[in-house]
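Just below is one structure, and these are the notes that go with it.
The values are calculated or read from the model by the stated rules, or taken from the named source; none is laboratory data. Here the structure is a predicted model, which means the values were calculated and not measured. No Cβ is skipped: glycine too gets one built from the backbone with ideal geometry, and neighbour counts run over all protein chains shown. For accessibility, only protein heavy atoms count, side chains too; no ligands or nucleic acids. Shrake-Rupley method; radii C 1.70, N 1.55, O 1.52, S 1.80 Å.
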Amino acid sequence: MKNFTFIILIIVFLAQLAFPLKMIIESERILTSGKEYKFLLEPVDPSDPFRGKYITLHFKANEFTPEEKREWEKQENIYINLTTDTAGFAKILNVKAECPENNIDYVKAKVDYYYSSSNTITIKYPFESLYGRIKSKRS
Amino acid sequence: MNKNKIENLQELIQAGIIDEVTVQKIHNYYEGKKGNSVSKMLIVFSIFGAFLIGSGIILIIAHNWDELSKTVKTICAFLPLIIGQFLYAYTFLKKKDNVAWKESTSTFLFFAVGACISLISQIYNIHGDLSSFLLLWMLLCLPLIYILKANAISLFYIAGTTYYACEVGYWSYPHSEPYLYWILLLLAIPRYSYLLRKLPESNFTFFHNWIIPLSLIISLGTISKQHEIIMFISYLSLFGIFQLLGNVKLFNNNNKIAGNGYRILGMIGTNSMLLSLSFKWFWEDLARKSFIFSQVIISPEFLAAALLSITACILLFVQSKSKSIKDINPFELVFIIFIITFILGRFNSTLPIIFINVTIFIYGIAMIRRGAITDHLGILNYGLLIITALITCRFFDINISFIIRGVLFVAVGTGFFLANYFILHKRKIESNKDKVL
């Protein structure tokens, strides 16, 4: 019984180590094999109880009128096809509800708000918080 | 053993009431208790110490955080977790019977897991909402409760799952129902059940008897979606269940009032809800509301209200079987009275207001009477407090003259003084009688 419990303990320890490691691996994979896009910022700075102070990144490219005319739901997953403008900053090419199939660069995001009158989506990006000392980040 | 007790024992020996052998047994008993209280303090301080050390390590590292490289930061994030796991494993292998070791290492590891995940999120700027972080943290720490049979982290776990329920059900937008909360709470019940059966006098059991009902009270509201008004039935039934559970020996910590979290929360909850329902806004809103029966019957609010009310009725029936009608505590019937009043309120908004106010008044008087009979100042004053609260609530919504309001307050204030004076005077007379005898 003690041996069985010890095996369970080892599995629990491995799980506790595995989840943070998985987070690191996924983050590093995007940095090494993904494509870099620059977004113009409008920062606001609140605080997270577990991760400390951060800047909320508010992007210029956060609204789009998709080709597809349908009712988009709040928090629905969307896939944003990106390109770059003449100044080298990210520009939205298109927004779709399904994951693109070919080797097209995309960002998986969520619908923050949908204006049915103009068929416009406000986008909630998965990288809207930048943690660390606010002073150094603003510079 | 203190000086007074030693003097009393000497007196009893001289009077020939007890002999030297009995005195030695009494002395050994008190010495044993002192040892137990010393080890309890050690456990408490070990838990606090582990918590503070864990927090302190994080703060020290945080001071120079921005100057460190990503690799060093990652190592610092994992270090408390690895140390915690090592200490936990050491306790499991070598110190399994040492309660101070079990509780402190479990507490340290619990916070180290949370700290590691949050630090990694911060270092790598990983987006994620608070609810998924809390869920992951609690799931990773749940087995720790059962492997070492640690109790402090059971309390932290229940607090964490309650925070998760609040985050999902109240504070995030859009709100959703945290159905996982109920499963997470159920997973902690085996440990609680063990404490109730095997360690009913333990301080950890005492804390669990408070934290579990508190968690249920806080999280029940997350079920509410469209028919919030029906949640009043759910809450009164829940408080009714708590009052009934407070009668069960398993939950009432040997009838000690402070240890009976169920009864106290049940009583305070019932009173608070009745006072809020004594205002006309609720009943006017209920009479105006339109319910579509086919939608209401499948709503989570109705299902919760039905489940809780049926459970309360079953508990009431089981407990009442062995009692006569006059022994039934009328406060335990409040949830039934409210259900009837609620149905009545759909057709008339005035009668229920009168009914609820009369119920609160009778409730207060009955508490005062019970306090006087059982010679319990706390219960007596609680009854007076209920009456005062009722009058204060009516102060705001009834158009009565200042003179009448003043007279009412003077009457209640005088009642406070007189009731307490008579009880204390009665006790003094009785203790003088005992001394004479």
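Structural remarks
- Placing pseudo-labels 7 Å out from each Cα toward the beta carbon at B:Ile337 and B:Tyr90 gives an inter-label distance of 6.0 nm.
- For the protein assembly as shown, accessible area per residue (1.4 Å probe, heavy atoms of protein chains only), Å²: 57 Å²
- Taking the centroid of alpha carbons for each part, region B:185-253 and region B:118-144 are 27 Å apart.
- Partner chain coverage, peptide B:113-125 - average Cβ within 10 angstrom: 6
- Restriction of the chymotrypsin sites (Phe, Trp or Tyr not before Pro) in region B:265-365 to DSSP coil positions whose beta-carbon has at most 15 other beta-carbons within 10 angstrom yields B:Phe291, B:Phe347.
- Filtered GluC sites (Glu not before Pro), region A:60-123: DSSP coil and at most 15 other beta carbons within 10 Å: A:Glu67, A:Glu68, A:Glu71, A:Glu73, A:Glu76, A:Glu98, A:Glu101
- Residue mean of other protein chain beta carbons inside 10 Å, B:135-145: 3
- Given +1 at the Cβ of Lys and Arg, -1 at the Cβ of Asp and Glu and no other charges, the dipole of the protein assembly as shown around its Cα centre is 1600 debye to the nearest 20.
- Between chain B and chain A, the total buried accessible area stands at approximately 3100 Å², from heavy atoms with a 1.4 Å probe.
- Surface composition of region B:197-242: carbon and sulfur make up 67 percent of the accessible area, probe 1.4 Å.
- Note that region A:102-109 has calculated 3J(HN,Hα) couplings of 7, 6, 9, 5, 8, 10, 8, 9 Hz, one per residue in order, obtained from phi through the Karplus relation 6.51 cos²θ - 1.76 cosθ + 1.60 (θ = phi - 60°); glycine and proline are x.
- Each peptide in B:141-153, B:101-113 receives the mean, over its residues, of other Cβ atoms within 10 Å, and ordering these scores from highest gives B:101-113, B:141-153.
- Shielding value for A:2-10 is 3, the average number of Cβ atoms from other chains within 10 Å of each residue's Cβ.
- Computed over chain B, relative contact order equals 9 percent, with contacts defined as Cα pairs under 8 Å that lie 6+ residues apart.
- Test item: Cα-centred dipole of chain B, Lys/Arg +1 and Asp/Glu -1 on Cβ, debye: 900 debye
- Sequentially through region B:239-249, phi angles give Karplus couplings (6.51, -1.76, 1.60; θ = phi - 60°) of 5, x, 4, 4, 5, 5, 5, x, 7, 7, 4 Hz, Gly and Pro residues having no value and appearing as x.
- Carbon-plus-sulfur accessible fraction, region B:35-175 (probe radius 1.4 Å, protein heavy atoms only): 71%.
- Applied to region A:112-121, the Karplus parametrisation 6.51 cos²θ - 1.76 cosθ + 1.60 on θ = phi - 60° returns per-residue 3J(HN,Hα) values of 7, 7, 10, 9, 5, 5, 10, 6, 10, 10 Hz, with x for Gly and Pro.
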